[in-house]
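Chemist: I have a structure here, written as structure tokens, and I will follow up with some questions on it.
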């Protein structure tokens, strides 16, 4: 018993270890055989079974309708040729008996004048294109041709008064109205304008030379109403230009 405790392997039978080794070797051999059998298998695999499918056939579409029968072509209309009316023959011109040019041979008799000498005329009297029977005229034109109007006379430039040209007499004068804004601001002063006067003596244009913004409009309105005596230059009325001064004073208001 003491020997068994000191050497535990001495009590195990040797036959048990031999059986275990043989069993392990057998298992290993079986596993190797299975693996080799799968690797070297040459049998043909079975084919899978055919899958049966059921299909429902759709009904066939109806056939297309037959094409329409071609329409009968209409018979071409017979065009009856229309006979064209022949133009009326133009009457032969009548040669004036008394030509304008001097005859080469002396006439055997003297014929009375008809007033249509020197041209060709139809027996009806007047041919189209001859205005009142005059050769060279235009139908619907004016006898004697179109009168051209003479060009308008050139515009006469106004002269500036002074020196040899004296200032015409002022016939009508309008005093300027004092602007209320200038009265409130107690503004006084003068406005110098250059006025253009036409042949009748009326002021047609004004140009401001010197002014105050509050007094300018009133001076222009007043001067445009002035009227002068017409300026006579070489016996004819002539436009002129002059300088006009409008004064604004609170004492004279």
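Just so it is clear, none of the values below were taken in a lab; they were calculated from the coordinates. Given the structure is predicted, the values throughout are model-derived calculations rather than measurements. Please note: Cβ atoms are built from the backbone with ideal geometry, for glycine as well, and neighbour counts cover all protein chains shown.
Chemist: How many nm is it between the label spots at residue 148 and residue 217, if each spot is 7 Å from the Cα in line with the beta carbon?
Modeler: The two pseudo-label positions are separated by 5.2 nm.
Chemist: Taking 0.36 nm per residue of sequence separation and subtracting the Cα-Cα distance, how much length would be gained by fully extending the chain between residue 173 and residue 37, in nm to one decimal?
Modeler: Values: separation 136, 0.36 × 136 = 48.96 nm, distance 14.49 nm.
Result for the pair: 34.5 nm of gain on full extension.
Chemist: Could you tell me the calculated FRET efficiency between residue 157 and residue 113, based on Cβ-Cβ distance and R0 = 45 angstrom, to the nearest 0.05?
Modeler: On the way: r = 58 Å, r/R0 = 1.29.
Efficiency at R0 = 45 Å is approximately 0.20.
Chemist: Beta carbons within 10 angstrom, averaged per residue: use that to sort the peptides 239-249, 178-188, highest first.
Modeler: Working: 239-249: 16.9, 178-188: 13.3.
Output ranking for 239-249, 178-188: 239-249, 178-188.
Chemist: Further question: Evaluate the relative contact order of the range 159-248 (contact order divided by residue number), counting alpha-carbon pairs under 8 angstrom at least 6 apart; express in whole percent.
Modeler: On the way: 177 pairs, mean separation 37.0, N = 90.
So the answer I get is 41 percent.
Chemist: When ranked by the protection proxy of mean other Cβ atoms within 10 Å per residue, highest first, what sequence do the peptides 29-38, 226-235, 190-199, 104-113 form?
Modeler: Values: 29-38: 9.7, 226-235: 14.5, 190-199: 18.2, 104-113: 6.4.
In decreasing order of mean packing, 29-38, 226-235, 190-199, 104-113 become 190-199, 226-235, 29-38, 104-113.
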